[in-house]
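Only one structure is covered here, and it is reproduced in the block below.
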Amino acid sequence: MSLRRRSCDACFKRRQKCDRSSPVCMTCQRLNKLCHYPLPPPESADNATPFFQEVGNGIAVYQPAPDQGAFPDLFTSYVSDDVDQFLEQELGLGHESLDLNLAQPTPSQVISLEVMSIMIPNLLGPLGDLQPLMGNTQTWQWVIAHLKACPEEFSRRGNNIFLHEQLYLGALPRPVRAAFTVSAAACRSMNKDNRSMIFKVLDAEVLEILQLPDEDVIQNLAKLQALVLYHIIRLFYGGVEQRVMAELQESLLMTRALRLLQRAQSDIRDGKLDWHSWILAECTRRTVLITFMLCGVYSILTRGICLAFPTLQMLPVSSESTAWISQDGYLQLANPNKTVAYSEFTNRWLCAPREVESFEKLMLVACKGVETVEAYSGLGL
């Protein structure tokens, strides 16, 4: 093909005159054909107008111009050894609205359309049926299976990896009670007849939580835990409309998670130190980690990149998990409230592998891979 040709491909093949208008010539517009130029018309280069790019198999992809904000937002990374400083950077002090510190990537950071089409799993089958969220490697299959099991485990045992059985000693908060009922219905008895009703109830519960006023840490934690359970149900048990709703509420979920963590960090310094206080703080840390893990895994499955990773790697993780197992384990620790950043936690474990409990396994496998964790620990996961 001569690079001096200026007509579009469709007009060239049909031996028709092309007016070379951008982004679509008048002939292709009239015949409803795909219009693609071997070289951008001069006027389109000056005006930076969008065009359609063919990425294979006759598929046309809309490509916005570089100056139209076509690149997706990415979380910027703040490397700090101090969790409080990190949270201040993420949230900003004295502001009512969350500042997620989004930044535009450079063009070199943007993955090409051809590469993205290979990296991103096809969530639609050949007939357009929505496919379940599944990993294409052993590691992602393991991580997704354990995230998906959180609501079912909660409905079966009354606790899970981020909701301790001793967390709510007094009256069980209403958001957790409702989440228990919805989890049981969605994970253990959902069918085509009651599916619509279950998600109507779920939507109503989410709306009610969002309308509740700000309360103390344990009540706000109950709300966040319920929202996380509903988010998991929407992603892994719902259809396309539920996944769309989950995507729309991701930012809200992360906002609430970071604000709760910031408040809990302050209460830990000012409050009393006992096992139940530690459980409250640990459930908060774990719920926040699961929140960002969910958002990160979903962005990998749908976009091929973990948008939550820069924030996720800085979230605090307990250096010891024995306090989660029993009060005796808590009393044996010299400094049970010591935490490290998630990235430091995974690197420390590689240097000195030890037996880990369920939540720690999930954090390690998501970062290092199931094969690496099995090889280092010698334990079957």
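The values are calculated or read from the model by the stated rules, or taken from the named source; none is laboratory data. Just so it is clear, the model here is predicted, and its values are computed rather than measured. Counting neighbours? That spans all protein chains shown, and the Cβs are built from the backbone with ideal geometry, glycine included.
Flag: residue 323 matches the condition of being under 25 Å from residue 217 (Cα atoms), small (Gly, Ala, Ser), part of a helix (DSSP H, G or I) and in contact (Cβ under 8 Å) with a residue 12 or more places away in the chain. State yes or no: is residue 291 more than 17 Å from the chain's Cα centre (by Cα) and crowded, with 20+ Cβ neighbours inside 10 Å? For residue 291, the condition - more than 17 Å from the chain's Cα centre (by Cα) and crowded, with 20+ Cβ neighbours inside 10 Å - is not met. Residues in segment 352-381 that are aromatic (Phe, Trp, Tyr) and either modelled with pLDDT of 90 or more or crowded, with 19+ Cβ neighbours inside 10 Å (or both): 359 alone. Of the helices (runs of 4 or more DSSP H) lying entirely inside segment 205-287, those carrying at least 3 residues that are over 22 Å from residue 342 (Cβ atoms) and touching a residue at least 40 places away in the same chain (Cβ under 8 Å) are 217-237, 240-248. Taken over segment 161-183, residues that are in a loop (DSSP other than H, G, I, E, B), under 21 Å from residue 149 (Cβ atoms) and small (Gly, Ala, Ser) amount to 0.
A residue that is loosely packed, with under 12 Cβ neighbours inside 10 Å and assigned to a helix (DSSP H, G or I) occurs nowhere in segment 136-156. Is it true that residue 227 is in contact with a Leu (Cβ under 8 Å, 6 or more places away or on another chain) and modelled with pLDDT of 95 or more? Spelling it out, residue 227 is indeed in contact with a Leu (Cβ under 8 Å, 6 or more places away or on another chain) and modelled with pLDDT of 95 or more.
Looking across segment 333-346 at every residue that is modelled with pLDDT under 90 and out of contact with any strand residue (DSSP E or B) (no Cβ under 9 Å at 6 or more places or on another chain), the one that is surrounded by the most Cβ atoms within 10 Å (Cβ to Cβ) is identified as 333. Just one of the numbered conditions (1) surrounded by fewer than 15 Cβ atoms within 10 Å (Cβ to Cβ); (2) in a helix (DSSP H, G or I); (3) modelled with pLDDT under 90 is not true of residue 349: (1).
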